[in-house]
1. Please determine, by comparing only the residues of region 850-887 that are of a type in the set (G, A, S) and in a loop (DSSP other than H, G, I, E, B), which one is nearest to D600 (Cα to Cα).
2. Filtering region 834-847 down to residues that are in contact with a Lys or Arg (Cβ under 9 Å, 6 or more places away or on another chain) and over 22 Å from L889 (Cα atoms), which residue is surrounded by the fewest Cβ atoms within 10 Å (Cβ to Cβ)?
3. Is it the case, given these coordinates, that L502 is of a type in the set (A, V, I, L, M), closer than 24 Å to Q433 by Cα, crowded, with 20+ Cβ neighbours inside 10 Å and not assigned by TED's automatic domain parsing to the domain that holds Q362?
4. Contact list please: Cβ distance under 8 Å, first residue in region 339-357 and not assigned by TED's automatic domain parsing to the domain that holds A311, second residue crowded, with 16+ Cβ neighbours inside 10 Å, pairs at least six apart or on different chains.
5. Please count how many residues of region 809-833 are out of contact with any Asp or Glu (no Cβ under 8 Å at 6 or more places or on another chain), closer than 21 Å to V549 by Cα and surrounded by fewer than 22 Cβ atoms within 10 Å (Cβ to Cβ).
6. Scanning region 936-992 for residues that are of a type in the set (S, T, Y) and part of a loop (DSSP other than H, G, I, E, B), which turns out modelled with the highest pLDDT?
7. I need the strands (runs of 3 or more DSSP E) fully contained in region 556-651, keeping only those with at least 3 residues that are farther than 27 Å from V885 by Cβ.
8. Is region 686-694 home to any residue that is among the aliphatic types (A, V, I, L, M) and more than 22 Å from V727 (Cα to Cα)?
Amino acid sequence: MSFEFSSLQTTRASFAQRSALKSRGAISAPSYRAVALAAALCMAGVSHAAPSAIAPGQLGLVSVNSTDPDPISFVLMCNAKAGTTIHFTDNGWTSTGVFRSGEGVATWTAARDVAAGEVITLRAGNTGSPAVEPADAGTVTAPKTFNVAGSDSVLVYQGTLEQPAFIFGLNHVPSGAWDADASSSNTSSLPAALTNGQSAVALQQRSGQHAQDYTGALRTGTAAELVAAIADKNNWASRPGGDPSLAATALTVTNAADCAEEEQTTQPNDPDTITRISAIQGTGAASPMDGSTVKVSAVVTAFVPGIGGFALQEADADRDGNPATSEGIFVYYGNTPPQGVSADLVGKRVTFNAKVSEYRGQTQLSGIAQLVIGEPEALPTPETITLPVASSDVWEQREGMVVQVCGADAQPLVVTDSYELGRYGNIVLSAGQRQVQFTEHSAPNLENNKAYLQQVKLSRIILDDGISAQNPAEHLGRNGALLSASNTLRGGDQTSCITGLLDQFTDKNKAVHEIDYRIQPTQKAMFTGAQRPTAAALQQAVQGSNLKVASVNVLNFFVTLDPATFTVPGTSTSHEGRGAEARISISEQAFTDEYQRQLDKLVEQLLALDADIYGLNEIQNDGFAANGSLATLVAALNAKAGAGTYAYAGANGITDGARALQALGTDAITVAIIYNTQRVAPQGQAVAPDVRQSQYSAFTAAHGNRVPVAQTFQVLALEQDDPDALVTVAVNHFKSKGSVINGETDQGDGQGANNPSRMVAAQQLSAWLATNPTGFEQAHTVLTGDFNSYSKEDPIRILESAGYQLQKQDGDVYSYSFDGLWGSLDHIFTSASLAEKIGGVVEWSVNAEEPTVLDYNYNYKTLEQTTSYYSADYYRASDHNPILVGLKLGRGGVGPVEPEPIADFEFDVPGASNGAVLSGSLAGGGGSCVPAEGGAPAAAMPSTWPANVQFPYQLLAWELEGCATGSSVTVTLNLPEPVPANAKYWKYGPTTDNETAHWYTIPFTQTGEQQIQFTIQDGGLGDSDLEANGRIVDPGGLGVPAAVVPPTGSLTPVPVDSPWMLGALGAVLAGIGAARARRRTRN
C-alpha cells in the first residue's frame, strides 16, 4: 500500500538553512527564486503576488541593540509584498569578498504586504522566542542565533550567504569606521555594493552603550532623502541596551512605490523518469545537475529533524557500482516537515520530485513535491570508513550516505577537540590519539608542517549532534550519559566507531587541517576515559620535593567586570574589563555572580596545586593595591588556607632598578607571583626590566610581550647557608600567535604569527636575567609562564641555548589545545644548577581537556545548565593546564627517601594446594602511623563486583591512624608466583569524582618478578574515606581478567561470589594478627 501527497512547497521564505559552523543563524536558505509555494497557492485558487526584491536605497536600519534578544528595527522605502524575505547577519564581510562564518543570520518573511515607512522590529537573540513587531508583519526564523555584540556590524541582504544581494549595512565599533577586513567576530569590511553615507552607516560604539538609534529630525521625505539621513552617523544616538528605543516608530515616504518583483523561474518536472542519486551526485565536488528538478525513488536512511531534513540512499541493488559517486543525498525541508515526513519513513522507499542545489559544498534536494511513500525495505548496508582516509575524496564520494567511521587497525576514535561541544553540540575525533601541534615534537619547517597538517586532516572527523539549534539543552557525556559537572567528556576520551549520516558544510575560514565533513549520529556513541586527574595523584607525583613551583593561567581574572573600564596604575592607558561579566541574562533571569564562580574555581585549583611559589598569567594589570585583583585572589586563598598563608610579590613594591613601579607595563593583563609564607620568604624586592631602555623593548607595545617579573626566595626548610636555599622565579607571558604585530604574519612553518617578537623576548629575557636583577647571584633560577611557543619552536631553543632546561612531563600530556591540535605553550625552565634536583614534573590536565561549557561562564547555557554544568571545583578553572615542578633541594640534593616501616604481613592464599602465601609490608605515613584499633574497614560491602575479573590471591582491607595529614603509605606485595599478565590493582570505595562506592583501578609498579608496589595518599586516590585526616582506609586486591589462567596450577582463582570473597573485605591489619601480621619498630 502506498500513500500520495501533493504538498505545498516550502520556500526560502519559510525556512533557513544552517551554517557550516552551526552558528545557529549564520544561514542561507535555498534560492529565493523558488516559487513552489506561490505555484501551490495558485493551484488552490488563491491569488498570490511574487515577493519583492529590495535594492540599496530602499531600506534603512533605524535601531540596533546588543542586549538580548538583540532587537533590530528597519524601515522599507518601497511597498513590499507578502512573502518577501530579507536576511540580517552579524557575519562580517571579508576583504576577499565572502562572509566570515561562525555567527548568525536572522531571516524575516513578510506575512502581509508592508507599506513604505512602516518600522519593523525583529527580536531573534539568544533567549526567548523569536518575535516580530508588529506581530502581523511576518515571522523571523533562526531562533537563538542572531547575536549582535556591543561592537559589531549588521549587514542586510537578499539571496544567499554565497551570493548576497546587499541592501544596507551598519557598523558600530570603537573606531567609528568600517574595518579593512573581517578579522574577528566584531569586525567587517564594507561590501562593494554598498556606499557609506548612502546605503551604509559607520557608528562609534561607546563603552557602556549597547544600543544605537536613528534620531534624525527628518521623518518625512523621499526615499533617497530618508535613506541618506539614516546613513548619516550624525543622526544617531547611543544608549544603554535596556532603555527604550529612541528611533521613530514610522517614517513618511513621499514618493513611495511598489518594490520590484523577484525574478521568477520555472521548475520543469518529468513525472516519468527516475534519476538515480549517483547521477545527481556525480563524480565531482558539485552536482552536474545543480538547479535541475528531478524525480528520485530511494530508501530513507535517517530522519534528522534537528537539521531540517532526512537522508535518502539507493538500495544496495540500485547502486551504480562506481566508487567515485555517492549513493546518498540529504533532503532539506526546513523547520516543518511536509505532510507524511516523519521518523516513520526510515526504512521505507519514498518517491518525490525535488530541486537539486549546492549548499556550503553539499549536494542536496529541497522542495519536496508529489511525495509517494512505499513499503518498508531493507536499509542499505552502511559503508565503513577507516581513519586516516586516503584522501578527502573518500568523504565526498560518500556524502549523504549513512556510514560507519572507525580507526584503522582497531584503533579507537579519540576526542581531540570539544571546543564547540557546549554551544554547537559537536566534537572532533581522530584515530588512535589526540592530534598534536607540529612544532610540539618537530623543528619548524614550512614543507614538513604543510605535509603534516594534510595528514592531520585525513585522520579526523566531526561528530555532530543532529541539531542545528544553538545551545542545545543536552550534550553527550561519558558512558552514554548526559554531560554534567560530574560526568565530563574530556579530550582523549575514546569510542570504538561512530555511525550516522555523513554531511558536509564548507567553512571558508577553517584552518588548513580542519575538515568540512561531519557525522550526524544515527546511533549514540559511547565514550569512556581515564579517571579525572586528582590533587592526591598530583602531589604523589612530586612526593619528596621540598620546593614546588607552579605555572598557572588564571583566565583573565579581573575585579573590573565587563563592561566597566579601568586605567593601568601609573599610566594613562585604559582597558575594558575582561573575564567575568557584571551581569548576564538567560531567559529573562539576571545573574551577577559570574565573578564569584570564577574566583571559587581558581582558589580550588591553586590550593590543590599546593605550590610554594605560583607564577600567574592573565591577571588584571591593576597594580598591587589591597583592592586589586592580585590582592583579592590572595585574600580568597587565605580565607580557605588560613590568614597569612599566602602573599604576593609586589606588596612591598616592584622596581625596575630605576623607579618604583605601580604596575607592569600598559597591557590589560599581566604576570604575577604568589607564594606560601610558611615555606618560602622573599629576599629583597621583586624586579622587572626597565622597558624604557632599548635592550628591553621586547616588553613594550612594540612587540606585545608582557613585562616579566622576578623575585628571589629563601626556602625555609633549608638552612640559610645551604647553597640551595635561594631560588629566583621569573614569570613571563610572550606575544600570542594571533593579532599580527609589525607585519609578523604566519610563515606556515608551524610557529604561527609574531614569532620574531617572541624570539626577541626570549633573547632579552635571558640577557636581563644574566644581569642578576634581584641581586642574589648564587640563587637557582626558575622560569615560568605562557611563552606562546610550542616545545620545539625558536623562542624555546633560544632559552635552552642560554642554559635553561625545559622541564617536560613524559607522555601524551600538554598544556593547551587550539583547533583540536594539542601542545604546550606554558612551560617551566630551570637553570642548569637544578639539573640533578628535579623531583617531578606534572602538566596537570584539569583544564584544557575539559569542555569549555563546564567553566564558570553563563554564556551559551540554558537555565538548567547554569547549575548542572558548574561545580566550584578545580576542573576547567582556565583554558590552559597548570604545570607543577617539584625540586629536591639541600646540600647534595635530596635523594629518594625510603619510607619508614609500619608493618608487614603474611596470608595463606585461599584455594592454594601448595601452602602458598601472600606477604607484604606497609611503610611511610609519617608521624606515628599505626594500624587502627580493631581495624574495622570504613568501606561498605560491595553489592557488585568488577565484570570478568578474578582475584587469585587475596583481597586486602586495612586501616591506619596517626599518620601525618596528607602523607603517603607505600604498599609492597610479594606474590607466590610471577605477576600475572594484564593484572590490575582493583579497589572498592568512593573517589572524588564518584562518591558512591564502586570498583576502580589504581596504578602499581612491578618492582620484581613476583613483587608489586603502589602508594596510597591520605585523602587521595585509594584512601576510601576521601579525607586528609591522618587515617588511611584501603580495601582492594590484585585482579586479573577472568580469561587469564593463574601462573601455575598451584593456585585456584577465587570466584567473585564465594563465601570467602564476601568476608575478605572484613579482614584488616589488626585482625591479620592471626595471619602473622608483625609490627615493625621505627628507627
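1. That would be A872.
2. So the residue we want is S845.
3. yes
4. Going by the 8 Å Cβ cut-off, there are no qualifying pairs.
5. 5
6. Checked region 936-992; the qualifying residue modelled with the highest pLDDT is Y953.
7. The strands (runs of 3 or more DSSP E) meeting that bar are 565-567, 574-576, 584-586, 589-591.
8. Checked region 686-694: at least one residue is among the aliphatic types (A, V, I, L, M) and more than 22 Å from V727 (Cα to Cα).
The values are calculated or read from the model by the stated rules, or taken from the named source; none is laboratory data. This structure is a prediction, so every number in the text was calculated from the model and none was measured. Neighbour counts run over all protein chains shown; Cβ positions are idealised from the backbone, glycine included.
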